[in-house]
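Following: one structure in structure tokens, then a few remarks.
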2 protein chains.
Amino acid sequence: MEHDSTRDTARPKETSSPHSTDQLSRIPHLHAVVLAGGSGVRFWPLSRELTPKQMLNVFGGTSLLARALHRITPLLEPGNLHVLTSERLLPELRTHLSAEASPRDLLGMPEFLAEPSPRNTAPAIALAAAYLVEQDPEALMIVLPSDHLLEDGAAWEATVRLACEAAESGSLVTIGLEPTAPETGYGYIKAGRALPGLEDGGMRVHAVDRFVEKPDETTAEAYLAEGGYLWNSGMLVARAASVLSQLRSAGRRGMTEDSRHGEMIAQIAEEIATMSPDEWVSTSARERFEALPAVQFDKAVLEISERVTVLPVSLEWSDVGSLLSLGGLAPADERGNVLVGPAVDVDSHDSIVYSSGRLVATLGLADALVVDTADATLVAPKERAQDVRLVVEALKAAGAPEVVAPRTAIRPWGTWTSLFKAPGYHIKLIEVLPGKRLSLQSHERRSEHWVVVEGTARVERDGEVVELAANESTYITPGARHRLANSGEVTLRVIEVAVGEYLEEDDIVRYEDDWDR
Amino acid sequence: MEHDSTRDTARPKETSSPHSTDQLSRIPHLHAVVLAGGSGVRFWPLSRELTPKQMLNVFGGTSLLARALHRITPLLEPGNLHVLTSERLLPELRTHLSAEASPRDLLGMPEFLAEPSPRNTAPAIALAAAYLVEQDPEALMIVLPSDHLLEDGAAWEATVRLACEAAESGSLVTIGLEPTAPETGYGYIKAGRALPGLEDGGMRVHAVDRFVEKPDETTAEAYLAEGGYLWNSGMLVARAASVLSQLRSAGRRGMTEDSRHGEMIAQIAEEIATMSPDEWVSTSARERFEALPAVQFDKAVLEISERVTVLPVSLEWSDVGSLLSLGGLAPADERGNVLVGPAVDVDSHDSIVYSSGRLVATLGLADALVVDTADATLVAPKERAQDVRLVVEALKAAGAPEVVAPRTAIRPWGTWTSLFKAPGYHIKLIEVLPGKRLSLQSHERRSEHWVVVEGTARVERDGEVVELAANESTYITPGARHRLANSGEVTLRVIEVAVGEYLEEDDIVRYEDDWDR
């Protein structure tokens, strides 16, 4: 088979169980800032505005975000794990993580930081850096994408340790991956000379010759042949103070439009960082932040600063940059098709068909991409996978609700799935994990009929408590304070038929909640 | 746009209301035999084994079958409408028609005849002919496909009348349509000289030069240029006795493998026709019928007999031969795409996207066909539309239930739709028409929880009757004799949650039924 420039199927090995953290030495002053504000529009219909790519678990048992957090936690002191996201996603991510990640493995839940407004990575990273400097002038920060796949284990830890060592001297250490194919979907870093002294088991920190944009295929092949070119992983290790000083210094040099506002960005970031993170989304903070240019940190600092280095490593990695990554989920058949889920094909070749549950039948397709979810289907040629954002824009313009939320919502107590919605009623499957319960709540404008179909429910209703087994039902009137709990040993499954003129999720008053919602 | 050989988008005009039958003179001795045994595999996923193409109403308000019946009824004496189908489809068609067609317009429901076994059209038409001769030695028969689109009205009636007149003399009168495009998907009839005497408003019956198979595009264009070639509509008018005598005569001539068994077919047909139609599916009838060769009536008789004529007409017609017919349901956009239902497209051209309810997004497709239903999606290039049967075969081999039945089942009282099924429970939406009721029934192995979400239900349970309004619920235990009726003025909608180890439809005992099921 000839080389496919749209290939994006790396499947890094990851250890299946969390590390035994007791055996590790944590890195003093190191803080992780995990960037989780991405909207993941290139992954629609799997991703939605409220469940972007970092929250998807199609690439393994847990979400990309949970895996990113689990990967770095063993190297951090407690309290040094931060998730930087948008105000809108923050509650979603908090709920998501309480379901997807183990607080024990994360040494407690991470700190969630909401950027005042989406202004791309330069203002966001500057704000995080200023915030860390406020807490600890010696803070080291590792900036990590939340939606990539990355090999875990000893090589990863050695990479972080060596990068931290290099960063202590004031340089901004990028992590570059030895390329294994002439990828056209990644930016590259051309490594310069190896820097003296900094070495671990064959790894050495290098100067950076230059950053290069996503190349065309010929150029990418030339890079591979020439050597010294690395994939830009988007990971960065630096002293937090150095991030701000290099931002300023790049601004003063004023070489490019993207970099010349560095001083202003650092200044505003430092001002906002004196506030508590809860206030970052206040009007005053937002107004100041919105005055900043929306520029990438790479453009504003890394491509300008002379204190940037790169640590070349050979970790397995993928940026999971498009739906074509789904092609890595299963072996291809003899015609090069990858079928995931209940898909049946006749005569297609080199196509990817992903179904999350419904039957998808394909006939005679070539290089096609079909992604099917409970409520929406996408069909495109593979070569247009990068343009899925155009579909999302068209759907937004059309007001399609399928852009915003998926059919199954993950909650700390389990999940609920919208099975059918029509004017006047809404049917849901509610799944509650053993020992968990929903909040004590009431609805103004809808009644709820519950039929237990599996497990045992404890239902509280206006102070009264009843136990319901499978094949028993109950009824919640508007205004009734009620609570559903799983009092059994297996997952509780309840079919809810909500009836009313108004059926949206915002018709809820919470009186008590195990997750303080 | 250049000519598209796969075009199949004719949309015949049909009158929207049934004829005022009083003004018509019915044709004495005429019986209609509507062939409704087709499995419609080329229309999957819209059609299923139990709801083949003739039962689909995507091409108008009622099904193709109902329209075929309504079209011929005004020309028939009461009792002369017969539907010939398979044993398996017979109960489905009966239920379907009681929901889709008006018995008043059909002068009572048609007589349903089940062929003893599927042996293609020659044995089936022979059996129907023999059955009609048994009833009326002077019977005229019109054989009609049940899954075509055809223009209704005065021209249609004149066609049938003239064909009947011609058939009285003993000839087998085919109906040929003046071609409007060089179709490669139809067989053609080359008309010979006009026969004297038989004429109505410019229409004349012709001798037949020859029947020709589906041509390639060049040949089809030559036919159009030459003139005298007609599309073979599959409709036939003949004296029932002539059908049998011509079948025998073709058999005696023994010119082809397909025709040489004519005598045997006529003989067995006559033997079985002496039985009541209920007995046609008995073991003895089936064994005799299965000894017959599975041959087409066209091959066995029409292409051999010298008593075959053709009536050229200019009716609008389509055989709705493939999913490409969906392209006639809406005007194409400026890039030649036809989008039906909640479909959103970016950058595709010349594609057909049909969704029956879910969101389908397409990006950058060319000449593609996407058909989405509640439980299954098909994606193929338009040029492979004729090969959908290969998908159906693959699905059958895989045991996919999506081949057999659709998610919504039509019943004489309304519909039920499977919303969600999992081990231990099954959720349905039950819609009951005003004034209708389900049978008095019980289930051995499942409980049913009913929540009324719209309308008013009268529920009978072990002799007790309660009325339930929207937002009220009830519960049916295993073994309880129960009946659900719509006692209101609007459609009753009930959500049923059935709970049990065994949830199939065959767990039902009926005690009383308005449709004698």
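Each other copy places its own label point for A:Pro78 at 9.0 nm from this one, sorted shortest first, where the point lies 7 Å along the Cα-to-beta carbon line.
Measuring nothing but how far apart in sequence close Cα pairs (under 8 Å, 6+ apart) lie, relative to its length, the range A:408-512 scores a relative contact order of 37 percent.
What do you get for the angle between helix A:90-100 and the principal long axis of chain A? Use alpha-carbon atoms, 0 to 90 degrees, nearest ten. For A:90-100 against chain A, the angle is about 80 degrees.
To the nearest 0.05, how large is the calculated FRET efficiency for A:Phe420 and A:Ala469 if R₀ is 35 Å and r is the Cβ-Cβ distance?
After rounding to 0.05, the efficiency reads 0.90.
The magnitude of the dipole of chain A, with charges of +1 and -1 set on the Cβ of Lys/Arg and Asp/Glu and taken from the Cα centre, is near 380 debye.
Using R₀ = 30 Å, calculate the FRET efficiency as 1/(1 + (r/R₀)^6) where r is the Cβ-Cβ separation of A:Glu489 and A:Val509; round to 0.05. According to the calculation, E is roughly 0.45. Its Cα gyration tensor gives the protein assembly as shown an equivalent ellipsoid. The semi-axes, each the square root of 5 times an eigenvalue, are 67, 37, 23 Å from largest down.
As I understand it, the dipole of the protein assembly as shown uses +1 on the Cβ of Lys and Arg and -1 on the Cβ of Asp and Glu, about the Cα centre. Which of B:Ile272, B:Ala368, B:Val346 lies farthest toward its positive end? The residue sitting farthest along the positive end of the dipole is B:Ile272. Scaled against the 2.2 N^0.38 Å expected of a compact globular protein of N residues, the Cα radius of gyration of chain A reads 1.04. Legend: distances between Cα atoms for A:Lys214/A:Lys396; A:Lys428/B:Lys436; B:Lys396/B:Lys421; pairs beyond 24 Å are A:Lys214/A:Lys396; A:Lys428/B:Lys436. Each other copy places its own label point for B:Gly228 at 8.2 nm from this one, sorted shortest first, where the point lies 7 Å along the Cα-to-beta carbon line. Between copies, the label points of A:Gln135, set 7 Å from Cα on the Cα→Cβ line, lie 8.7 nm apart, reported in increasing order to one decimal in nanometres. Its relative contact order, with pairs defined as Cα atoms under 8 Å and 6+ residues apart, puts chain A at 15 percent. Shielding by partners for peptide B:303-315, expressed as the average number of C-beta atoms from other protein chains within 10 Å of each residue's C-beta, is 0. In this calculation the C-beta distance from A:Glu444 to B:Ala398 is compared with R0 = 60 Å, giving a FRET efficiency of 0.80. For B:Ala368, neighbours were defined as the other residues whose beta-carbon sits under 9 Å from its Cβ, and their charges (Lys and Arg +1, Asp and Glu -1) total -1. Of the Cα atoms belonging to the range A:408-512, the radius of gyration and Dmax stand at 12.5, 36 Å. For chain A, adding -39500 (n - 2.57) for each run of n ≥ 4 DSSP H residues and dividing by the number of residues yields -6000 deg cm²/dmol at 222 nm. Computed from Cα atoms, the angle from the helix B:388-397 axis to the main principal axis of chain B rounds to 50 degrees.
Taking other Cβ atoms within 10 Å as a rough exposure proxy, B:Arg458, B:Arg42 sort from fewest to most as B:Arg458, B:Arg42. Averaged over the residues of B:399-410, the number of partner chain Cβ atoms lying within 10 Å of the residue Cβ comes to 1. Peptide B:467-473 has a mean shielding of 4, counted as Cβ atoms of other protein chains within 10 Å of each residue's Cβ. Please identify which residues in the range A:236-256 have an amide N closer than 20 Å to a label point set 7 Å out from the Cα of A:Glu263, following the Cα→Cβ vector. Counting only backbone N, you get A:241-256. Quarter the surface of the alpha carbon convex hull of the range B:27-318 and you get the mean projected area, 14.5 square nanometres.
Share of antiparallel DSSP beta bridges in the protein assembly as shown, in percent to the nearest 5?
65 percent
Taking amide H as placed 1.01 Å from N in the peptide plane, A:Ala470 has its amide H under 5 Å from the amide H of A:Gly455, each at least 5 places away in sequence or on another chain. Helix A:262-273 and the long axis of chain A differ in direction by around 40°, with both axes built from C-alpha atoms. The Cα atoms of the range B:51-121 give a gyration tensor whose axes a ≥ b ≥ c have a/c of 1.5 or more with a/b no greater than b/c, which makes the shape oblate. Peptides A:46-58, B:133-145, B:391-403, A:198-210, ordered by how many other C-beta atoms sit within 10 Å of their residues on average, highest first, read A:46-58, B:133-145, B:391-403, A:198-210.
The convex hull of the Cα atoms of the range A:81-218, projected and averaged over all directions, covers 10.8 nm².
No lab work stands behind these numbers, since they all come straight from the coordinates. Keep in mind the model is a prediction, meaning the values are calculated, not measured. Heads up, the Cβs are rebuilt from the backbone with ideal geometry, glycines too, and the neighbour counts pull from every protein chain shown.
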